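Engineer: Quick one: the structure is below, questions incoming.
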Amino acid sequence: MYDFKPAEPLPAAELYRDLLAAAEALTAGEPDAVANMANVAALLWEFLPDLNWAGFYRVGPAKDGGGEELVLGPFVGRPACIRIPFGKGVCGTGAESRATQLVEDVHAFPGHIACDAASASELVVPVLRDGATIAVIDLDSPSPARFTAEDAAGIEALARLLADRI
Ligand code: SME
């Protein structure tokens, strides 16, 4: 067991500095993508207050027919939708556009996929490798407008760290 939980609430800059250092330490030299995503999902849950879901969707072959879609990966939270087409919901929009989706009110987001009715706001950051989306990091909160530009920048830095580790 590792004790990476912050001892006290931290300002965003320190929180993300410590989160990135912990993610770097936990994933360094480990080639197993599932193990790395599982530990990072646990870290996100430990470090970030006021979440009801934290984890990964990976890009994989579509179940029905050709092409690719998002497939549920390691996470902490309630059981979630397993497959999300590119372009659908907040996750599919982030995967297709390759751009961070910071959603203050999920109920106002066209096509939002409500895996957990408690979710009120959401942050989705694509993990890019060679310019293509290979996964997304998804954070959900029961509080409206929970996520800020500092959260987006911190999770984008995490996505860059993980690009060749998942
Ligand atoms: N709300 C997401 C679906 C995934 S769950 O939040 C875990 C979406 O609209 O893509």
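Throughout, read-outs are computed from the coordinates displayed, never taken from laboratory work. What you see is a predicted model; the values in this text were computed from it and never measured. We place every Cβ from the backbone using ideal geometry, glycine too, and count neighbours over all the protein chains shown.
Engineer: Is it true that Pro49 is closer than 25 Å to Ala117 by Cβ and in a loop (DSSP other than H, G, I, E, B)? Steps first, answer last, please.
Structural biologist: Values: closer than 25 Å to Ala117 by Cβ: yes; in a loop (DSSP other than H, G, I, E, B): yes.
Criteria met by Pro49.
Engineer: Right, something else. Mind counting the residues in the stretch 4-42 that are in contact (Cβ under 8 Å) with a residue 40 or more places away in the chain, within 16 Å of Gly55 (Cβ to Cβ) and not aliphatic (A, V, I, L, M)?
Structural biologist: The total comes to 2.
Engineer: Also, quick follow-up: In the stretch 97-123, which residue that is crowded, with 19+ Cβ neighbours inside 10 Å and in contact (Cβ under 8 Å) with a residue 60 or more places away in the chain is farthest from the ligand (Cβ to nearest atom)?
Structural biologist: Going through the qualifying residues, I end up with Ser119.
Engineer: Is there a residue in the stretch 62-70 that is farther than 21 Å from Ala152 by Cα and touching a residue at least 24 places away in the same chain (Cβ under 8 Å)?
Structural biologist: Going through the stretch 62-70, the residues farther than 21 Å from Ala152 by Cα turn out to be 62-69.
Still in the running and touching a residue at least 24 places away in the same chain (Cβ under 8 Å): none.
Among the residues of the stretch 62-70, not one is farther than 21 Å from Ala152 by Cα and touching a residue at least 24 places away in the same chain (Cβ under 8 Å), which makes the answer no.
Engineer: Further, regarding this structure: Quick check on the stretch 127-155: of everything there that is of a type in the set (Asp, Glu) and surrounded by fewer than 19 Cβ atoms within 10 Å (Cβ to Cβ), which residue is nearest to the ligand (Cβ to nearest atom)?
Structural biologist: For the stretch 127-155, the residue satisfying everything is Glu150.
Engineer: From the set of residues in the stretch 9-23 that are more than 16 Å from the chain's Cα centre (by Cα) and of a type outside the set (Gly, Ala, Ser), which is surrounded by the most Cβ atoms within 10 Å (Cβ to Cβ)?
Structural biologist: Filtering the stretch 9-23 for residues that are more than 16 Å from the chain's Cα centre (by Cα) and of a type outside the set (Gly, Ala, Ser), the one surrounded by the most Cβ atoms within 10 Å (Cβ to Cβ) comes out as Leu15.
Engineer: Which of the residues belonging to the stretch 124-161 are part of a strand (DSSP E or B) and either hydrophobic (A, V, I, L, M, F, W, C) or free of Cβ contacts under 8 Å to residues at least 60 places away in the same chain (or both)?
Structural biologist: Selection gives Val124, Val125, Pro126, Val127, Leu128, Arg129, Ala132, Ile134, Ala135, Val136, Ile137, Leu139.
Engineer: Go through the stretch 69-96 residue by residue and tally those that are more than 7 Å from the ligand (Cβ to nearest atom), more than 12 Å from the chain's Cα centre (by Cα) and of a type in the set (A, V, I, L, M).
Structural biologist: 3
Engineer: Pairs please, first residue from the stretch 77-93 and free of Cβ contacts under 8 Å to residues at least 60 places away in the same chain and over 15 Å from Gly60 (Cα atoms), second anywhere and more than 6 Å from the ligand (Cβ to nearest atom) and assigned to a strand (DSSP E or B), Cβ atoms under 6 Å, 6+ apart in sequence or on different chains.
Structural biologist: Ala80/Leu72; Val90/Gln101; Val90/Val103; Val90/Val124; Thr93/Gln101
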